[in-house]
Amino acid sequence: MTGSSNQEYAARWRASLTDNYGTPAVALVRGAGAQVWDADGRQYTDFVGGIAVNALGHAHPAVVGAVTRQISTLGHVSNLYASEPVLALGERLLQLFGRPGRIFFCNSGAEAVEAAFKIGRLTGRTRMVATDGGFHGRTMGALALTGQPKKQDPFRPLPGDVTHVPYGDTAALRAAVTEETALVVIEPVQGENGVVVPPAGYLKAAREITRATGTLLVLDEVQTGTGRCGHWFAHQAHEGVDPDLVTLAKGLGGGLPIGAVAAFGPAADLLQPGHHGTTFGGNPVACAAGLAVLDTIAADGLLDRVKARGEQLRSGIEGTGHPLVSHVRGEGLLLGIVLTGPYAPQVQQAAQDAGFLVNAPAPDVVRLMPPYVLTEDEADAFVRALPGILDAANGDGRTGE
Ligand code: PMP
């Protein structure tokens, strides 16, 4: 059977697939730029972007071309052999980091964090420090670092010896990190926790604290990296922050599954042959897509566009003055509309009804993570539609309590 409506797709899903986030009510069949179409023929502007993955939007010719050329030439080799795309992407990433180092390629964010976890163990220390509310993936090591008990509890005992401290709290970090701490892992902006931005100086303090104890500073840039926050990597907006390890995934492949850990300084020598590996890591097609993404971001000036669209959305949304909107937080095109109450699920549904896909990572936060190619008009259309969406989410159009 071929699904031909959203409903039919949902029935097939229920019959055969696991309900990771519940059965999807909408089946997407086609996309172009920031626009997507569902199985019922409805069109949406996509502010979810495959959970912050589709940096260049849907069906970008640069990605289509790179993938098509690569799969027609050499689809997969494993790390037993070198190939041009994996080398070129590794070299390119180091160039963008602006520091010598070494890159380990894998296939997802969780795998990148898992590799960082193992590199941490190679220091000879076992203790790790992560943050409350932080999200680092669902594999067992990454889940141990994740600071969300609801996701962790069904799977205890979790590996490692992980202490969680309040995010953004420098004093708590200083108290938790000792000379027995292998690594500290921090997101420059907490994405899954509702787009939480730490106080200015937090990353710099984390660098100073970890340096003083010989602890690896791991910045999890799976969500914030490769342009999402208006810089190649979000930490580059912060002076004096030079992490030992950076994890990447999501936007790097522009829709193809790829993850990476970049290691710098002495940390770059910890992983030795035989320590770690994965069959698909560094896959030439995924790496060719990654190169196309990075080339296009540079060639089309997309970092500036991310900043401009982010500011346009932020000021436009705050400018609505709608009583359901408290404020907007985030960086670049990773934005959280903080609501005055737990209305995010209703806003998500009302936005969908109005032709906009958004996401609700917390009861009172609506997250926007659209493609970097989002146009001024598309951003403007969302801002103009938002008051109506919020009124609809609020039931009868009345606002407030
Ligand atoms: N780290 C961060 C910061 C993330 O946002 C995510 C995914 N939301 C992950 C790790 C895990 O990535 P993946 O889902 O690709 O395993």
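The values are calculated or read from the model by the stated rules, or taken from the named source; none is laboratory data. Being a predicted model, the structure only gives us computed values, none of them experimental. So basically every Cβ, Gly included, is an ideal-geometry build from the backbone, and we count neighbours across all protein chains shown.
The helices (runs of 4 or more DSSP H) falling completely within segment 136-224 that include 1 or more residues that are touching a Pro at 6+ places or on another chain (Cβ under 6 Å), assigned by TED's automatic domain parsing to the domain that holds LEU270 and surrounded by 21 or more Cβ atoms within 10 Å (Cβ to Cβ) map to 140-145. The condition of being within 24 Å of THR296 (Cα to Cα), surrounded by 14 or more Cβ atoms within 10 Å (Cβ to Cβ) and touching a Lys or Arg at 6+ places or on another chain (Cβ under 6 Å) holds for only one of ALA62, ALA52, that being ALA52.
The single condition among (1) free of Cβ contacts under 8 Å to residues at least 40 places away in the same chain; (2) among the charged types (D, E, K, R); (3) within 11 Å of the ligand (Cβ to nearest atom) that LYS250 does not satisfy is (1).
Candidates in segment 225-235 are the residues that are under 12 Å from the mean Cα position of the chain (by Cα) and part of a loop (DSSP other than H, G, I, E, B); of these, the one that is farthest from the ligand (Cβ to nearest atom) is GLY227. When residues in segment 231-258 are screened for being over 18 Å from PHE117 (Cα atoms), in contact with a strand residue (DSSP E or B) (Cβ under 6 Å, 6 or more places away or on another chain) and of a type in the set (Gly, Ala, Ser), 0 of them pass.
Residues in segment 66-103 that are under 11 Å from PRO284 (Cβ atoms) and of a type in the set (Val, Ile, Thr): VAL67, ILE71, THR73, VAL77, VAL86.
Filter segment 283-293 down to the residues that are more than 16 Å from the ligand (Cβ to nearest atom) and in contact with a strand residue (DSSP E or B) (Cβ under 9 Å, 6 or more places away or on another chain) and list them by number.
Going through segment 283-293, the residues more than 16 Å from the ligand (Cβ to nearest atom) turn out to be 284-285, 287-288, 291-292.
VAL285, CYS287, ALA288, ALA292 - these are the residues of segment 283-293 that are more than 16 Å from the ligand (Cβ to nearest atom) and in contact with a strand residue (DSSP E or B) (Cβ under 9 Å, 6 or more places away or on another chain).
Residues checked against (1) crowded, with 16+ Cβ neighbours inside 10 Å; (2) assigned to a helix (DSSP H, G or I); (3) touching a helix residue (DSSP H, G or I) at 6+ places or on another chain (Cβ under 8 Å); (4) of a type in the set (Phe, Trp, Tyr):
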{"residue": "GLY310", "(1), (2), (3), (4)": "yes, yes, no, no"}
{"residue": "ARG329", "(1), (2), (3), (4)": "yes, no, no, no"}
{"residue": "PRO342", "(1), (2), (3), (4)": "no, no, no, no"}
{"residue": "ALA350", "(1), (2), (3), (4)": "yes, yes, yes, no"}
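Checking the structure you have, find out if any residue of segment 263-275 is within 13 Å of the ligand (Cβ to nearest atom) and either under 14 Å from the mean Cα position of the chain (by Cα) or not basic (Lys, Arg) (or both). No: zero hits. Within segment 92-127, being within 15 Å of the ligand (Cβ to nearest atom), farther than 17 Å from ALA268 by Cα and not in a helix (DSSP H, G or I) holds for ASN107, SER108. Looking at segment 80-109 only, could you name the residues that are within 17 Å of VAL185 (Cβ to Cβ) and either crowded, with 23+ Cβ neighbours inside 10 Å or without any contact (Cβ under 8 Å) to a residue 40 or more places away in the chain (or both)? Passing the criteria: PHE104, CYS106, GLY109. Restricting ALA66, ALA32 to residues that are in a strand (DSSP E or B) and among the small types (Gly, Ala, Ser) narrows the list to ALA32. Every test in (1) closer than 26 Å to VAL328 by Cβ; (2) within 16 Å of the ligand (Cβ to nearest atom); (3) in contact with a helix residue (DSSP H, G or I) (Cβ under 6 Å, 6 or more places away or on another chain); (4) not hydrophobic (A, V, I, L, M, F, W, C) is passed by PRO166 save one, and that test is (2).
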